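Down below is the structure, laid out as structure tokens.
Bear in mind these aren't lab numbers, they're just calculated from the coordinates by the rules spelled out. Small disclaimer: the values here were computed from a predicted structure and weren't measured. For neighbour counting, all protein chains shown are included, and Cβ atoms are generated from backbone atoms with ideal geometry for every residue, glycine included.
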Amino acid sequence: MSFRQQLASQLPYLRRYARALTGSQSLGDAAVRETLEALLEAPEEWDEKAPAKTELFKTFHRIWNSEMIAPLESRGRSGVIAQFPVKRRQSLLLATVEGFTFADVGVILGMSQDDVRQHVQAARSAIEDALSARVLIIEDESIIALHIKQIVESLGHETIAIVRTRAEAVAKARDERPDLYWPTSALPMVQVALMPLKTYWLNRRCLLSSLQPFPSACLPASVPSRPI
């Protein structure tokens, strides 16, 4: 396979990576274009013995270093990944999206394999923490409440409390500020009980997750969640 054919075969992967890394299609494509121009001007710098994809990504990072990649936050992005240091974001994307080994990522970024592993592990932990929620369960049937608690915790979330009444729910919500609540629709006073909480949760911009048989008794599904 010729030098140009090797470049062409790996170009879609580099474009995908560059766009994810920079958070911008135009900026990512510009970075790829500059990388290709540099390679075509100096093809002798291409290591024919190295895997083509590894060599292409290594060249990309030699031209586009960490200081040239602005944080995603500066372009209006939000969430956990946007807040990662550039090296952490690079390590995560290369290892998980592009499928490089930690050793290959180290070669591409000029880092030790241990440093790459630490970055990836820290990134995964941060994402897992962001995806977990503190849940308030409102249920007056003990067996059902315990079953809901099992479901919540099996999904990696934390149950902060199980409450039975309107007063308990409002007090606990104000004290603990859960990320999510799971209300019952079986209580006779459910419509009355949820009204104060409805106002509270809309103000707190929290997420409702419910398997209620009577959706009209619950908060609207349009309540926005926190960005991930």
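Structural remarks
- Pairwise FRET efficiency - Arg16 versus Glu176, Cβ, R0 = 35 Å, nearest 0.05: 0.25
- Note on the range 27-55 and the range 78-130: Cα centroid distance 22 Å, given to the nearest whole angstrom.
- Here the Karplus relation 6.51 cos²θ - 1.76 cosθ + 1.60, evaluated at θ = phi - 60°, turns the backbone of the range 9-16 into coupling constants of 5, 9, 4, x, 5, 5, 5, 4 Hz, with x for every Gly and Pro.
- Modelled FRET efficiency - R0 25 Å, Thr96 with Ala130, Cβ distances, 0.05 increments: 0.95
- Length gained when the stretch Glu158-Lys49 is fully extended (0.36 nm per residue, less Cα-Cα span): 34.2 nm
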